[in-house]
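Undergrad: Here it is, the structure in full.
The values are calculated or read from the model by the stated rules, or taken from the named source; none is laboratory data. All figures in this text were calculated on a predicted structure; none of them were measured in a lab. Every residue, glycine as well, gets a Cβ built from its backbone with ideal geometry; the counts of neighbours run over all protein chains shown. Areas reflect the complete protein model, heavy atoms only, side chains present, ligands, DNA and RNA absent. Shrake-Rupley method; radii C 1.70, N 1.55, O 1.52, S 1.80 Å.
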Amino acid sequence: MDCEKIMRLFQSELVVVNVGPKLFAEALEKQNYQTVQVDWKPIAGGDREMQDILAVLGGLD
């Protein structure tokens, strides 16, 4: 393993990709961290039975 690459990574600017509540990203922004908010919701509202139906119909790709 190349320790130099790891050290450069930890010395680089942190950018957080937030898939959760916007409140988390806002808290980081207040601490001067750069954030990217992803607007994501589970397929079919998280309903597993509906996800299975959509998969059979080819709707998840």
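Undergrad: So in region 1-13, with the set limited to residues that are in a loop (DSSP other than H, G, I, E, B) and open to solvent by less than 100 Å² (accessible area, probe 1.4 Å), which one is nearest to residue 33 (Cα to Cα)?
TA: First, pick out the residues of region 1-13 that are in a loop (DSSP other than H, G, I, E, B): 1-2, 12-13.
Next cut, open to solvent by less than 100 Å² (accessible area, probe 1.4 Å) only: 2, 12.
Details: 2: 27, 12: 12 Å.
Of everything passing the filter in region 1-13, 12 is nearest to residue 33 (Cα to Cα).
Undergrad: Quick test for you: out of 11, 51, 34, pick the one residue that is on the phi < 0 side of the Ramachandran plot and at pLDDT below 90.
TA: Working: 11 fails: at pLDDT below 90; 34 fails: at pLDDT below 90.
After applying the criteria, what remains is 51.
Undergrad: So, in region 14-44, how many residues would count as being open to solvent by 70 Å² or more (accessible area, probe 1.4 Å), part of a helix (DSSP H, G or I) and free of Cβ contacts under 8 Å to residues at least 12 places away in the same chain?
TA: Counting residues in region 14-44 that are open to solvent by 70 Å² or more (accessible area, probe 1.4 Å), part of a helix (DSSP H, G or I) and free of Cβ contacts under 8 Å to residues at least 12 places away in the same chain gives 5.
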